[in-house]
Amino acid sequence: MALLTPREDDRSQLFDEAFLKKLEYLHVVSRKIFTGGLRAERRMRKVGSGIEFADHRRYTWGDDFRYIDWNVYGRVDKLLLRLFEEEEDLHIYLLLDASRSMLIGEPLKLHYAMQVTAALAYVGLANLDRVAIVPFSDHIHGRLPPARGKNRIFKVFEFLRNVEVGGDTDLGACIDKLVHQHKRRGLAVLISDFYDPRGFEEALNTLRYNKFEPFVLQVFDRKEAEPTLHGDLALVDCETGEVKEVTVSRALLDAYTREHEKFCAELRDFCTARAVPYFRTHTQVPFDDLILRIFRSGGFLR
């Protein structure tokens, strides 16, 4: 149940001059952390015609003689080909929850999530990774195609300012569509409150089984976790419009708080058991503090 009524979605001041200065600072910090050795580990690898030896395989008719390992042939009298690792650009998919439940809080969860999305996009673009943004709810709200180079950040700002918001949260359906539309696998950063009545397990498993690397960032408002309501109220679900009349007592608030914490713990434990990076934050935490915490934990810069 939504605890606050959605209000006007004004994004005009989200990406101002002060925000740009914070992005550049985050990029400088990321360069200190993101050394050449780390970058080499983070690039996508495939067997190809690179320079770093990977493995051998048996020679078959039509293979290039230049890759035969004659030293091995001299020892074991078998024709084996040398295989090498070839670097590919890392693709980063920033999956932004744009459902109606994100239009609550102070600041709005949506606005906070958009700033986090823009910050991660900037660092990825500046590091010459290919970054795409995919907003979703119960459908995909368009997409910003993969690009690289930090000059593309203004396209990111323009795209985020114009993202359509609405619909229920349906993680499973949207992630299933995503993996079938994007054949280039990569890091999939899911930024959401995860308030999906169908659960989060199917979506995260779909990413994993399709060789994406899930990265979970759960955003919530403090009043969702610890509401201060009391008395006879009509609570309106901001996604479905369902109305439920309740009498809010101290005991009911305590029970609600326990259930919210249990839900968050289940998401955290699901991710931890599968080695999926997980971060949880409320919207009062400055977005740049959150990004620095992610960097320093080795979460995004691996």
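We did not get these values from a lab; they are worked out from the coordinates using the rules stated. Source: prediction; values computed, not measured. Neighbour counts are summed over all protein chains in view; Cβ atoms, including those assigned to glycine, are modelled from backbone coordinates with ideal geometry.
Values as computed for the structure displayed
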read-out	value
For region 102-166 and region 184-236, distance of Cα centres in Å	17
Compactness of region 228-274 - radius of gyration and Dmax, Cα, Å	14.1, 42
Unit charges on C-beta of K, R, D, E only; dipole of the chain, Debye	1560
Set of lysines with alpha-carbon distance to K223 below 19 Å, sequence-local pairs under 8 removed	K109, K244, K262
Net charge of neighbours whose Cβ lies under 12 Å from the Cβ of G149, counting Lys and Arg as +1 and Asp and Glu as -1	+3
Lysines with Cα under 23 Å of K211, excluding same-chain neighbours fewer than 8 positions away	K46, K177, K183
Extreme residue, positive dipole direction of the chain, given options A173, V72, F220 (C-beta unit charges)	V72
Nearest 10 degrees, 0 to 90: helix 17-33 Cα axis against the chain principal axis	40
Scattering profile of the chain at q = 0.12, 0.16 Å⁻¹ [log10 I(q)/I(0), Debye over alpha-carbon scatterers]	-0.82, -1.31
For the chain, built as a Gaussian network whose Cα springs stay under 10 Å, the top-fluctuating residue of R75, R100, R148	R75
Per-pair calculated FRET efficiency, R0 = 45 Å: N205 and I68 via Cβ, rounded to 0.05	0.60
Between 0 and 90°, nearest 10: helix 171-181 axis offset from the chain longest Cα axis	30
Antiparallel bridge percentage (DSSP; both residues within the chain; nearest 5)	50
Residue among M102, V28, T257 farthest towards the positive dipole end of the chain, charges placed on Cβ	V28
Fewest-first ranking of E266, E245, using other Cβ atoms within 10 Å as the exposure measure	E245, E266
Helix axis angle, 250-273 relative to the chain longest principal axis, alpha carbon, degrees	0
Packing-based ranking, highest mean first, of 175-186, 128-139 given that Cβ atoms within 10 Å are counted	128-139, 175-186
